[in-house]
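Here, each number is a calculation from the coordinates, and none is a lab measurement. The structure displayed is predicted, hence computed values, not measured ones. All Cβ positions, even for glycine, are placed from backbone atoms using ideal geometry, and neighbour counts span all protein chains on display.
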Amino acid sequence: MPLTSDADIRDLLTDARTIAMVGASDRPDRPSYGVMAMLQRHGYRVIPINPQITGEHIHGEFVFRELAQIGVPIDIVDIFRRPQAAGEAVDEAIAVGAKAVWMQLGVINHDAAARAEAAGLKVVMDRCPAIDIPRLGIPKIAA
C-alpha cells in the first residue's frame, strides 16, 4: 500500500537528501520547475531527468536522460509524468536501487506502485512534496 499517513510521509521526507525528478522542466510555467526550486530551497539536492533537454541545466543542476546516468544514491524518485508513463520511471527507480518513488498529484498507477513495493521501495501516490513539506512542518535540511 502506498504511504498515506502523515507520520510515514514525514519520515520519508525527513530522511531523504537526494531527489531525482523525472519529467523536470526548464519552463517556469510548468509545475515541476517550481517544485524543484522549492525542494532545493528546503535543502534537498534535486537532480532533473528529462531526455528532451539532456545536457542543459535546471536550477543549477545538470539534466540527465535517465536515472541510470546519475551515479549517486537516490532517496526519492519524484515522478512528473502521465500515469501511463509512470511505470517506466518506477522500473528505472527499481533498477538503480532508489529507496522510494513519489508520484505527483494526478499520477496514479497502481500496477507501477505494486512493482515498486514488491521490490522494497516506499511509494507515495497522488501527492506533492511541495505541499506536504510545509503542511507537515518539516524543517529545512541543514547544509
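In the set (1) farther than 16 Å from residue 116 by Cα; (2) of a type in the set (Ser, Thr, Tyr); (3) surrounded by fewer than 16 Cβ atoms within 10 Å (Cβ to Cβ), the condition left unmet by residue 44 is number (3).
For segment 1-36, a tally of residues being part of a helix (DSSP H, G or I), within 14 Å of residue 58 (Cα to Cα) and either aliphatic (A, V, I, L, M) or more than 11 Å from the chain's Cα centre (by Cα) (or both) returns 5.
There is no residue in segment 64-76 that is of a type in the set (Gly, Ala, Ser), surrounded by 16 or more Cβ atoms within 10 Å (Cβ to Cβ) and under 21 Å from residue 15 (Cα atoms).
Yes/no matrix, rows are residues, columns are (1) within 16 Å of residue 23 (Cα to Cα); (2) touching a Gly at 6+ places or on another chain (Cβ under 7 Å); (3) of a type outside the set (Lys, Arg):
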{"position": "55", "(1), (2), (3)": "yes, no, yes"}
{"position": "59", "(1), (2), (3)": "yes, no, yes"}
{"position": "64", "(1), (2), (3)": "yes, no, yes"}
{"position": "73", "(1), (2), (3)": "no, no, yes"}
{"position": "79", "(1), (2), (3)": "yes, yes, yes"}
{"position": "88", "(1), (2), (3)": "yes, no, yes"}
{"position": "94", "(1), (2), (3)": "no, no, yes"}
{"position": "110", "(1), (2), (3)": "no, no, yes"}
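Filtered by the rule that a residue be of a type in the set (Ser, Thr, Tyr), farther than 16 Å from residue 142 by Cα and in contact (Cβ under 8 Å) with a residue 40 or more places away in the chain, segment 7-53 gives 25, 32.
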